[in-house]
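One structure below.
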């Protein structure tokens, strides 16, 4: 059995990717972090511990 708890995607437009995942898959934004030149948005299902982060260098 494969269990995935965390995935990171490095994309060119984190907001478009986040919006797509929320609107198309019903994910919710769980956290958002701005670190130096990076924006990291964590999305996942509200009732599950799994989350994926979408990161973008500003």
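Just so it is clear, none of the values below were taken in a lab; they were calculated from the coordinates. All values derive from a computational prediction rather than experimental measurement. Because the Cβ atoms are built from the backbone with ideal geometry, glycine has one as well, and the counts that use them run over all protein chains shown.
Computed extension length for residue 45-residue 19: 8.0 nm, one decimal, from 0.36 nm per residue of separation with the Cα-Cα distance subtracted. The value of relative contact order for the chain, using C-alpha pairs under 8 Å at least six residues apart, is 41 percent. Here each label is just a point 7 Å from Cα along the line to Cβ, and for residue 28 and residue 12 those points are 3.3 nm apart.
What ratio of Cα Rg to 2.2 N^0.38 Å holds for the chain?
Details: Rg = 11.3 Å, N = 58, 2.2 N^0.38 = 10.3 Å.
Cα-based Rg divided by the globular estimate yields 1.10.
From helices alone, the chain scores -6500 deg cm²/dmol at 222 nm; the rule is -39500 (n - 2.57) for each run of n ≥ 4 DSSP H residues, then divide by the residue total.
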